[in-house]
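The values are calculated or read from the model by the stated rules, or taken from the named source; none is laboratory data. The structure presented is a predicted model; accordingly, all values stated were derived computationally and were not measured. Here the Cβ positions follow ideal geometry from the backbone for every residue, glycine too, while neighbour counts run over all protein chains shown.
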Amino acid sequence: MAHGQTYAQALTGELLSRAGIVPGMRVLVPGAASGELVFLIAERVGANGKVFAIDPDARALAALRESAERQSFECIEFSAETLGEFRSRAPLDAVVGRFFLMRQADPGATIRAAAEALAPGGRIVFQEWHFESVLWPHTSGWPSLPLYQNFARWSVEALRRSGFQIDMGLRLVNTFAEAGLRVPSTRSEILAVQGAGDAGYRFFQETLRELLPAMERFGITRADEVEVDSFAQRLEIETTAARGHAFLPLQVGAWTRV
């Protein structure tokens, strides 16, 4: 979910610092079309570093390239390809992905492919949603919020039926081990949305907007039931009236060296 990138920046910054992403590094960013992660890494590696931003979506990459030019990011190289297709002219210092493994049919194989592109001692960093946390009693809405419960039920089912790994966050450690890497260090974060005017309500609305075609295709719900254009406002009113709060999905980050 590309719109969720904004709520990931704080944890991403911590992960990059702890993993040792520093100026001069050569970093591969798979699934780069959303852009925010690419620019964050470009700022870190600086003019003497290199960021390889890859994504099979050529149209999205073209828009991202224009944005990079406007911001004078000259260290970014864009390529419309998958991780399996990417070939670097020299070993990489790091591979960094955000909300990428949850979209892969075989996350373990994906991590192995990332490791093969790295120089000895290179870093692998992944940050993922554990999306099914929105169904858990203590990490959903408090007190019971009917609109939030609808969001949780609809979104998780749509993601599951679309082939997403809805439990990727807390599977990261095991998946790194499955890929033959050392057990990674981890950090996690769960953000609460509360009160009037919190921008976080938009996350729920935009997630539903993105997933609405899948929800209708799989018969999970209908557009007239979701009323997506007013969902954030209605959830804000419901949450504020209950003096409650709602949680974004749990985020988990993991990093290690090869």
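What the table shows:
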| quantity | calculated |
| --- | --- |
| Output for region 35-85, where each listed residue is within 25 Å of PRO107 (Cα to Cα) and of a type in the set (S, T, N, Q) | SER79, THR82 |
| Condition broken by SER72, with the remaining ones in (1) assigned to a loop (DSSP other than H, G, I, E, B); (2) touching a residue at least 40 places away in the same chain (Cβ under 8 Å); (3) under 25 Å from SER17 (Cβ atoms); (4) not charged (D, E, K, R) satisfied | (2) |
| Region 138-167 residues that are at positive phi and surrounded by fewer than 17 Cβ atoms within 10 Å (Cβ to Cβ), paired with ones that are of a type in the set (A, V, I, L, M) and assigned to a loop (DSSP other than H, G, I, E, B) (beta carbon under 8 Å, 6 or more apart) | GLY163/ALA105 |
| Scan of region 215-258 for residues that are closer than 30 Å to ARG112 by Cα and either among the hydroxyl-bearing types (Ser, Thr, Tyr) or assigned to a helix (DSSP H, G or I) (or both), ordered by number | THR256 |
| Subset of region 162-173 (residues that are out of contact with any helix residue (DSSP H, G or I) (no Cβ under 7 Å at 6 or more places or on another chain) and part of a helix (DSSP H, G or I)) | GLY169, LEU170, ARG171, LEU172, VAL173 |
| Region 109-141 - residue that is assigned to a helix (DSSP H, G or I) and of a type in the set (Asp, Glu) and, of those, nearest to LEU40 (Cα to Cα) | GLU116 |
| Whichever residue in region 153-169 is within 14 Å of the chain's Cα centre (by Cα) and of a type outside the set (Phe, Trp, Tyr) and, among such residues, is farthest from ARG222 (Cα to Cα) | GLY169 |
| Qualifying residues in region 140-152 (those that are modelled with pLDDT of 95 or more and of a type in the set (S, T, N, Q)) - the one farthest from PHE218 (Cα to Cα) | GLN149 |
| The lone exception for LEU181 - which of (1) over 18 Å from the mean Cα position of the chain (by Cα); (2) modelled with pLDDT under 95; (3) crowded, with 17+ Cβ neighbours inside 10 Å it fails | (2) |
| Unmet requirement for THR82, which otherwise passes all of (1) in a loop (DSSP other than H, G, I, E, B); (2) without any contact (Cβ under 8 Å) to a residue 40 or more places away in the chain; (3) among the polar types (S, T, N, Q) | (2) |
| Qualifying residues in region 26-44 (those that are among the aliphatic types (A, V, I, L, M) and over 15 Å from PHE73 (Cβ atoms)) - the one surrounded by the most Cβ atoms within 10 Å (Cβ to Cβ) | LEU28 |
| For VAL193: the one exception among (1) among the β-branched types (Val, Ile, Thr); (2) over 26 Å from ALA105 (Cβ atoms); (3) surrounded by 18 or more Cβ atoms within 10 Å (Cβ to Cβ); (4) out of contact with any Gly (no Cβ under 7 Å at 6 or more places or on another chain) | (4) |
| Failed criterion for VAL22 (all others in (1) outside any helix (DSSP H, G or I); (2) buried (at least 21 other Cβ atoms within 10 Å of the Cβ); (3) of a type in the set (Val, Ile, Thr) hold) | (2) |
| Odd one out for VAL258 among (1) at pLDDT 95 or above; (2) in contact with a helix residue (DSSP H, G or I) (Cβ under 9 Å, 6 or more places away or on another chain); (3) of a type outside the set (S, T, N, Q) | (1) |
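Residue-by-condition table, conditions (1) farther than 18 Å from GLN149 by Cβ; (2) touching a residue at least 12 places away in the same chain (Cβ under 8 Å); (3) surrounded by 14 or more Cβ atoms within 10 Å (Cβ to Cβ):
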{"site": "TYR201", "(1), (2), (3)": "no, yes, yes"}
{"site": "ALA241", "(1), (2), (3)": "no, no, no"}
{"site": "VAL252", "(1), (2), (3)": "yes, yes, yes"}
{"site": "VAL258", "(1), (2), (3)": "yes, yes, yes"}
